[in-house]
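Data block below; observations after.
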Amino acid sequence: MDSFAKRAGRCAAGIAALQAVGGLALGQGMDEEKLKQEALKERVDALEQKLNSSDYMKPYWKNGLKFESPDKNFSFGVDGRIHFEAEFNDTEKDLENSRIYATPGNAATSTAIGGQTDDFEIRRARINLNGKAYQHFEFVSQFDFAGGGNGGNGTTMKDVYVGAYNLGDWMPDVRGGQFYEPFGLDQMTSDNDFAMIEFAAPTNTFSPGRSVGFMFRKQMKDEGKIERVTGALGVFRPDTGDNGVGVKGTGGYAFTGRLTGLPWYDNGDLLHLGLAASLRSFAAVPTTGGATATPTTTYSSNPEAHLMSTMISTGAIPADGEMKLGGEAAFIKGPWAVSGEYFLDKVDTANTTAISDPTFSGYYAQVAWTITGERRAWKGADAIFGGISPTQNAFVNGGLGAWEVAMRWSNVDLTDGSLATGVRGGSIDVVTLGLNWYANTNFRFMFDLSRADVNTDDPALGQGGVSNIVQMRMQVAF
């Protein structure tokens, strides 16, 4: 009995010892786990503090690589585009054998339009760096590495400017650098968002394009924060080389403005109206000995195909300046988008020529329908069309992307007056049918079929004729 009691006591003592050792080990384990949790919390707190600090830029993707500080005082973006295009044509021999003026009315110095070839090109390969600071200052620096396409080499500057915005209820935004002069709907819309591969013919002929200068602009919004009225006015030195340098010589200034309004807006459906004007003087370029050469200006058009030749031209008109006028309208209703513009250009000829201040004109009308039902976007701050974002991306859960068909008719008329005192530059009418497939927000494939009808308006230049053109584009934009 005693031995049993002793053995039981020893067992109890052993169990107590084991419990003591286990409790100690458990306590040590809990302390280590607590230390790990505290260390993890410190790391999380440090990371949150870093993410919330004003010098940290949060990266994210929104149709391009973006960075933004937590207080939204700083943002930076990297955008880009690649447009690969192909063009095939069937041009009548009578048109290829026709000629265009080098000097108005002088058939002896005219040049042949020449044979038209099929070709491929990388039309655009651009990188755009842009940023905003302190919610009031901005910059854009866009460069094209395709050299303007059509066999061009080197790098050209596109939109390169600095500006200030959101300065107060009545203070306009201000911008300085190289960018599009505020003229017309077609010109101001991004080539990433065109319903057609090319600008309309009158846009290429009469719109001023990019220039270096200063511009003020302002938008007026309604209670729903929709831009109902926009206005822009700038002074520019024309720059035809996209090199950021204005034309040399005496004069050579342009004052250009655009005013737009939305008389009707209903949840993305809208009616847009606009007017634009540009008063321009041409630079008198200095020559040897301090004299100045009489400036000239030329108006011309190709058949809305970048790789094809000029089909009509006024030749170089001696001129002191010009006045450009434009009217525009656009209508969006569900999947339908309709637009049109009219252009008028009055030339102030120089005293050295017998040509009497000719007036040239052009217009286009366009309609586009998204078969899959998406509505084309509208960028209210600039009063221009945006792109189409598919409801379903192609090849994702059976999606087809977005499909769009479009049609455009455009005209350019470069004839005014007689051969003796006017200009007989000819006219061109182009009808284009387009089919666009938006695989997703970034990738688009385009197919255009065009018929261009050219009238020389001067028998000495030939008969003119017809060119049938097929164009295709593969595009990525982000």
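Please identify the pairs in which a residue from segment 401-424 that is free of Cβ contacts under 8 Å to residues at least 40 places away in the same chain has its Cβ atom under 6 Å from the Cβ atom of a residue that is assigned to a strand (DSSP E or B) and buried (at least 24 other Cβ atoms within 10 Å of the Cβ), counting only partners at least 6 apart or on another chain.
That search, which allows pairs on different chains as well, returns Gly401/Tyr438; Ala402/Tyr438.
Limited to segment 372-386, what total is found for residues that are buried (at least 21 other Cβ atoms within 10 Å of the Cβ) and at positive phi?
Looking only at that region, the number is 1.
I'd like to verify a number: residues in segment 430-452 that are buried (at least 17 other Cβ atoms within 10 Å of the Cβ) and either more than 30 Å from Asn397 (Cα to Cα) or among the acidic types (Asp, Glu) (or both), how many?
Of the residues in that region, 5 qualify.
Any residue at all in segment 331-342 that is acidic (Asp, Glu) and out of contact with any helix residue (DSSP H, G or I) (no Cβ under 7 Å at 6 or more places or on another chain)?
Taking every residue of segment 331-342 in turn, none turns out to be acidic (Asp, Glu) and out of contact with any helix residue (DSSP H, G or I) (no Cβ under 7 Å at 6 or more places or on another chain).
In contact with a Ser or Thr (Cβ under 8 Å, 6 or more places away or on another chain), among the aromatic types (Phe, Trp, Tyr) and either more than 17 Å from Leu307 (Cβ to Cβ) or surrounded by 15 or more Cβ atoms within 10 Å (Cβ to Cβ) (or both): does that describe Phe139?
no
If I ask for residues that are modelled with pLDDT of 95 or more and either of a type in the set (Asp, Glu) or in a strand (DSSP E or B) (or both), which ones from segment 278-316 would you list?
Ser278, Leu279, Arg280, Ser300, Ser301, Glu304, Ile312, Ser313
What about Gly387, is it within 30 Å of Pro358 (Cα to Cα) and at pLDDT 95 or above?
It is false that Gly387 is within 30 Å of Pro358 (Cα to Cα) and at pLDDT 95 or above.
Go through (1) free of Cβ contacts under 8 Å to residues at least 24 places away in the same chain; (2) in contact with a strand residue (DSSP E or B) (Cβ under 7 Å, 6 or more places away or on another chain); (3) not acidic (Asp, Glu) and name the single condition Gly154 misses.
(2)
When the residues of segment 354-371 are narrowed to those that are modelled with pLDDT of 95 or more, crowded, with 17+ Cβ neighbours inside 10 Å and more than 24 Å from the chain's Cα centre (by Cα), which ends up nearest to Leu435 (Cα to Cα)?
For segment 354-371, the residue satisfying everything is Ser361.
For segment 159-181, which positions are touching an Asp or Glu at 6+ places or on another chain (Cβ under 9 Å) and in contact (Cβ under 8 Å) with a residue 60 or more places away in the chain?
If the condition is that a residue be touching an Asp or Glu at 6+ places or on another chain (Cβ under 9 Å) and in contact (Cβ under 8 Å) with a residue 60 or more places away in the chain, then Gly177, Gln178 are the ones that fit.
Has segment 241-254 got any residue that is at pLDDT below 95 and either of a type in the set (Asp, Glu) or within 30 Å of Gly115 (Cα to Cα) (or both)?
yes
Restricting to segment 429-478, what's the tally of residues that are outside any strand (DSSP E or B), touching a residue at least 40 places away in the same chain (Cβ under 8 Å) and not hydrophobic (A, V, I, L, M, F, W, C)?
9
Would you be able to tell me the number of residues in segment 82-124 that are part of a strand (DSSP E or B) and either of a type outside the set (D, E, K, R) or surrounded by fewer than 21 Cβ atoms within 10 Å (Cβ to Cβ) (or both)?
The total comes to 16.
Within segment 387-427, can you find the residues that are among the aliphatic types (A, V, I, L, M), part of a loop (DSSP other than H, G, I, E, B) and crowded, with 20+ Cβ neighbours inside 10 Å?
Listed by number, the list holds a single entry, Ile388.
Checking the conditions here, which among Asp71, Asp55 is modelled with pLDDT under 70, part of a loop (DSSP other than H, G, I, E, B) and either small (Gly, Ala, Ser) or out of contact with any helix residue (DSSP H, G or I) (no Cβ under 9 Å at 6 or more places or on another chain) (or both)?
One residue alone meets the criteria, Asp55.
The values are calculated or read from the model by the stated rules, or taken from the named source; none is laboratory data. Bear in mind the structure is a predicted one, so any value in this text is a computation, not a measurement. Note that we place each Cβ from the backbone using ideal geometry, even for glycine, and neighbour counts take in every protein chain shown.
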